Amino acid sequence: MALIKCPECGREISDNASNCPGCGYTFTETKFCRHCGEKIAVDSVVCTKCGRQVEDMSSKNPHIIINNSSSASASSTASTSNSNYIRGKRKDKWVALILCIFLGFFGAHKFYEGKTGMGILYLFTMGLFGIGWIIDIISIAMKPNPYYV
């Protein structure tokens, strides 16, 4: 085992090391993440800094499974489910906005979204005393069309 100097910080490290423990300089071939600009190994599929996918999965090892779910029970379904699947019911922004503007005091937009409990609350409190109604007009106007509930 020989010692070499890191070209970045000048610290002596092992010649078998892949990166410098002092400054993090990488001795292997690197590329830049197209999302955050961080230096990553040339064969990386996922950026180690931002966690986003940088390579097409089909071009690399097809047996790599990336599981970003928070629960361990979801790991078995994560590899078989479609990652582009959007959960929730599709709702039209303009229908919800019109319902909110004209019948928001009665919670019509909440009933349209399938939020029955909030709809009843809006019904009995006149749109949460008008404050919730105003906030909902703004938040629905800012949503994409369609949005999912």
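The values are calculated or read from the model by the stated rules, or taken from the named source; none is laboratory data. Note that the structure is predicted; figures quoted are calculated from it, not measured. Ideal geometry is used to build each Cβ from the backbone, glycine not excepted, and the neighbour counts take in all protein chains shown. All accessible areas refer to the heavy atoms of the entire protein, side chains included, with ligands and DNA or RNA removed. Shrake-Rupley method; radii C 1.70, N 1.55, O 1.52, S 1.80 Å.
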Qualifying helices (runs of 4 or more DSSP H) (wholly inside region 58-149; at least 1 residues being at pLDDT 55 or above and open to solvent by 80 Å² or more (accessible area, probe 1.4 Å))
93-103, 108-112, 116-129, 131-142
Positions within region 3-19 being in a loop (DSSP other than H, G, I, E, B) and in contact with a Ser or Thr (Cβ under 8 Å, 6 or more places away or on another chain), in sequence order
18
Could you tell me which residue of region 28-41 is most open to solvent (accessible area, probe 1.4 Å), considering only residues that are over 20 Å from residue 6 (Cα atoms) and in a loop (DSSP other than H, G, I, E, B)?
34
